[in-house]
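Heads up, the thing below is written out as structure tokens.
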Amino acid sequence: MRGFSNPFSLLWRHRDLVLQFTQRELHRRTKGNRLGRLWVILAPLLMLGLYLFVFGVIMGGRFGVIPDESTYDFALALFLGLSIFQTIGDTLGNGPLLIISQPNFVKKVVFPLEVIPVASVIASMYNSLLSIALILVVAPFSHVGGSWLGLAYLPLLLLPLCFLSLGLSWGLAAVGVYLRDVAQIMPLAAQIVMFSSAVFYSPDKIPEPALRYLRLNPILDICDQARRAILWHMPIDWGVVLWIYVSCFLVLIGGYVTFSRLRPYFAEVL
């Protein structure tokens, strides 16, 4: 039980440092940009435009869950999936470099290195939340109008996303110190995860044998349940939500244990 509580007690104990490093990370990501933090919204909007044109206009893609689904409805559902995946995409891309890019902190014996991945994940979650907030503003103009009741479920679905991202970030940050090739593999891995996470389609369209394996990726169900609750006025599946929490929590603990076991040897490698 103590091992399960360690990540949370660490976050609480170093909460001031986490806040400081999160602000530092947000500033670093927008430093030197003329549009500053506007890029947090502009970047996913540009990606949405690209994917919408390819999948929605050229290929005529639809999720096929609600009747009379318009291109606008498809765009909202697609953007919600992209906004959720944005946190994981950032984590996979940045995770392996978090420690090796800041070796000066490794040499400080009393510095809690676990804080660095935490700050990176919170900064990514902040960006995702801004994108989701934009969806909530425009959702009332869609075919189904969005669901304010479903909005109440949003924190319930974003919390395990945070667990998952944090576990991956800790694990990748630790492994990245020893295996530098991991940083080169992650862009491809991020693409594989994105296309297998039901960002562009509904899980209902996946053949059952394949769906059993794809559901090992909890992002698929997070995207699906978020769309059903927020955009499509559908009840969430509590059995699926339980699976999301269990799987994401296991990744959180696994990532923390990996980081804790490998951390004593960081200085020798760097």
(message) Tell me which helices (runs of 4 or more DSSP H) are completely within region 180-270 and hold 2 or more residues being at pLDDT below 95, touching a Leu at 6+ places or on another chain (Cβ under 7 Å) and surrounded by 13 or more Cβ atoms within 10 Å (Cβ to Cβ), or say none if there are none.
(response) 182-195, 218-230
(message) Just to be sure I understand the filter: pairs with C-beta atoms under 9 Å, separated by 6 or more residues or on different chains, first member in region 177-197 and under 28 Å from Val106 (Cβ atoms) and among the aromatic types (Phe, Trp, Tyr), second member at pLDDT below 90 and exposed (fewer than 14 other Cβ atoms within 10 Å of the Cβ). Which pairs pass?
(response) Tyr178/Tyr265; Tyr178/Val269
(request) Please find, within region 141-157, the residue that is modelled with the highest pLDDT out of those that are assigned to a helix (DSSP H, G or I) and surrounded by fewer than 19 Cβ atoms within 10 Å (Cβ to Cβ). (result) Leu156
(message) I'd like to check which helices (runs of 4 or more DSSP H) are fully inside region 10-127 and have at least 2 residues that are touching a residue at least 12 places away in the same chain (Cβ under 8 Å) and surrounded by fewer than 19 Cβ atoms within 10 Å (Cβ to Cβ).
(response) 15-30, 39-51, 71-94
(message) Considering only residues that are in contact (Cβ under 8 Å) with a residue 24 or more places away in the chain and under 21 Å from Tyr51 (Cα atoms), which ones fall in region 198-224?
(response) Ala198, Val199, Phe200, Tyr201, Ser202, Asp204, Lys205, Ile219, Leu220, Ile222, Cys223, Asp224
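The values are calculated or read from the model by the stated rules, or taken from the named source; none is laboratory data. The structure displayed is predicted, hence computed values, not measured ones. Please note: Cβ atoms are built from the backbone with ideal geometry, for glycine as well, and neighbour counts cover all protein chains shown.
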